[in-house]
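For reference, the structure is listed below as structure tokens.
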Amino acid sequence: MNKIISSKEAANLIKNGSRIMVGGFGLVGSPLTIIEEITKTNVNQLEIISNNLGEPGKGLGVLVQMKKVKKAIGSYFTSNPDVVKAYQSGELEVELLPQGTFSEAIRAGGTGIGGFYTPVGAGTELAAAKEERVIDNKHYLLQTPLKADFALIKACKADELGNLTYSKSARNFNPLMAASADIVIAEVEEIVKAGELSPEEIVTPHLFVDYLVLKGGGR
Amino acid sequence: MKPKERIAKRASRELKNRDIVNLGIGIPTLVAEYIPENIQVFLHSENGILGVGPAPKADAVDPDIVNAGKLPVSIEEGASFFDSAASFGMIRGGHIDVSILGVLQVDRSGRVANWAVPGKSVLGVGGAMDLLEGSKKVIVTTMHTTNEGEPKIVEELSYPITSWRKVDLIITELAVFSVQEEGLLLIDKQPNVTLQEIIEKTGAHFEVDQNLIEISDLDGVVAK
């Protein structure tokens, strides 16, 4: 059961129209090696679930520039002017969620929850088309879970089994996404033998992880 | 002291020992520089840090430690890291004592617009709605008017509302308003600023506190 593949093999798993979760808060904790490899493939019409869409010419921003992204679901795309342009020209569809609703929807997707009611966004433009419910005199919106075909995540260390540790604030959405996609590919800085990670430091247990890619891309 | 620094310093006087505090981008970030030495607060960042410290020197930048504005920060002793769902659970769940945030507008009832501009593509909301909804106390720090001189404190919001939740306090370079059930109450003002000037630059009706304080000596102002 060898989970280690090259970044090229990882990118080749992605299909036209795939729905892909991508970890990272901006470029921090984003699987940049795998993203770069996807830019070399012919896939397009991708649906990206990620808090942001990189920066111009960096990370997911490159996929936007190459017009490989059909739809984006996340919380903050304003920091990449290329995303604004692509949206205004009609090339890119955007679904915006408050960041807490976005992260909880991913958590729900990975933990078998069919949806949840959150007060965040009630009474705002983001409430349009959402089921509203009053609980104890407070307004809540129904949020359904987010799931994907693939999750591309970034971790710090992995062991051969696929157990993962994270580095500081580069953790962000990564452990949540690891649970919410059919195929989970983790880009890591280092792969050690099973047993070398302390059970206490493992944040994502190996059962969530299908493939490991070493940062840099080689096997 | 520049106007924005004055606002930040005044806001810092609202913090209490051991408060869990979330600072937004802009003037709120400056508040960290004025926290009184006799209290300890813990700064929370949406991307998964409790215990944010000051910006590091250039040679000590760790690319994996950034704040919610994606800028390099350091961590304090006793800091912790957690995932985004946990972080927003803290916010929504009422575990943040004070959020200090900037606004595009705040209205007479204390409701805020700070995430979208009419006529522009709405492509970012981030944690703005979550922080307003869930924080125990919300303090607005803002310049009193826009760069064009338009009031930011208005009778009714013309920008899209961020949350139904009303903020608790509004601090500008001219004045401080407390948000009451009936509307805005002017509680502090800069000593060199006249009441007339505040009325002219404020787009909403407000009442004046009988015990109006002048912010002549910030260090002497006690948080109410």
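Ignoring lysines fewer than eight residues from B:K120 along the same chain, the ones with Cα atoms less than 29 angstrom from its Cα are A:K58, A:K67, A:K68, A:K70, A:K71, A:K85, A:K130, B:K4, B:K70, B:K152, B:K166, B:K201. Less than 11 Å Cβ to Cβ from A:P145, Lys/Arg counted +1 and Asp/Glu -1: what total charge do the surrounding residues give? Every neighbour counted, the sum reads +1. In the protein assembly as shown, taking the dipole from charged Cβ atoms about the Cα centre, the farthest positive-side position among B:I75, A:P205, A:I20 is held by A:I20. Helical runs assigned H by DSSP (4 residues or longer) give chain B a calculated mean residue ellipticity at 222 nm of -4500 deg cm²/dmol, each run adding -39500 (n - 2.57) before division by the residue total. Rounded to the nearest 10 degrees, the inclination of helix B:3-12 to the longest alpha-carbon principal axis of chain B is 70 degrees. Values of log10 I(q)/I(0) for chain A across q = 0.10, 0.15, 0.19 Å⁻¹ run -0.44, -0.93, -1.36, by the Debye formula with one identical scatterer at each alpha carbon and no solvent.
Take the range B:3-220 with all the other protein chains still there, run a 1.4 Å probe, and you get 44 Å² of accessible area per residue.
All Cα-Cα separations within the range B:1-44 were binned at 10 Å from zero, giving a P(r) of 31, 58, 11, each value a whole percent of the pairs. Fully extending the segment from A:I4 to A:E201, taken as 0.36 nm per residue of separation minus the present Cα-Cα distance, adds 68.8 nm.
Out of all DSSP beta bridges in chain B, what portion is antiparallel? Express it as a percent rounded to 5. Within chain B, antiparallel bridges account for around 50 percent of the total. For chain A, the 222 nm mean residue ellipticity estimated from helices alone, with every DSSP H stretch of n ≥ 4 adding -39500 (n - 2.57) and the total spread over all residues, rounds to -5500 deg cm²/dmol.
Of all DSSP bridge pairs formed entirely within the protein assembly as shown, close to 40 percent run antiparallel. Based on every Cα atom in chain B, Rg and the maximum pairwise Cα distance Dmax equal 17.3, 52 Å. Between the range B:1-64 and the range A:1-66, the C-alpha centres lie 34 angstrom from each other. Pair-distance distribution of the protein assembly as shown: all C-alpha pairs, bin width 20 Å, starting at 0; shares per bin in whole percent are 25, 53, 20, 2.
Working note: Karplus 6.51/-1.76/1.60 with θ = phi - 60° gives the range A:147-157 the couplings 9, 8, 6, 10, 10, 10, 10, 10, 10, 8, 10 Hz, where Gly and Pro are set to x. In the range A:140-187, burial by the other protein chains removes 40 Å² or more of 1.4 Å probe accessible surface, compared with the chain on its own, from A:K168, A:S169, A:R171, A:N172. Compactness of the range A:136-202 was expressed as the Cα radius of gyration divided by 2.2 N^0.38 Å, which yields 1.43. In this structure, the amide hydrogen of A:I73, modeled 1.01 Å from its nitrogen in the peptide plane, lies closer than 5 angstrom to those of A:I48, A:I49, A:S50, A:E95, counting only residues at least 5 positions away or on a different chain.
Database remark: amide H of A:G24 closer than 5 angstrom to the amide H of A:F173, A:N174 (H placed geometrically; neighbours at sequence offset of 5 or more, or on other chains; Pro and chain starts carry no H). Other residues within the sphere of radius under 15 Å centred on the Cβ of B:G127, judged by their own Cβ, net out at -2 (K and R +1, D and E -1). Checking every one of the trypsin sites (Lys or Arg not before Pro) in the range B:104-167 against DSSP loop status and a limit of 12 other Cβ atoms within 10 Å picks out B:K120. If I compute solvent accessible area with a 1.4 Å probe over the protein chains, what percent of it on the protein assembly as shown is carbon and sulfur? Summing carbon and sulfur atoms, their accessible area is 49 percent of the total for the protein assembly as shown.
Electrostatic tally near B:V98: other residues with Cβ closer than 10 Å to its Cβ, Lys and Arg +1, Asp and Glu -1, net -1. For the chain pair B and A, the buried solvent-accessible surface (1.4 Å probe, both sides summed) amounts to about 3100 Å². The longest stretch of chain B left intact once loop-based GluC sites (Glu not before Pro) with at most 10 other Cβ atoms within 10 Å are removed from consideration, loops following DSSP, is B:38-147. For the range A:14-101, the convex hull spanned by the alpha carbon atoms encloses 81 Å³ per residue.
The values are calculated or read from the model by the stated rules, or taken from the named source; none is laboratory data. Everything numeric here is computed off the predicted structure, so don't read it as measured data. When we count neighbours, we look across all protein chains shown, and the Cβ atoms used for this are built from the backbone with ideal geometry, even at glycine. For the accessible areas, the whole protein counts, side chains as well, though only heavy atoms, and no ligand, DNA or RNA atoms are used. Shrake-Rupley method; radii C 1.70, N 1.55, O 1.52, S 1.80 Å.
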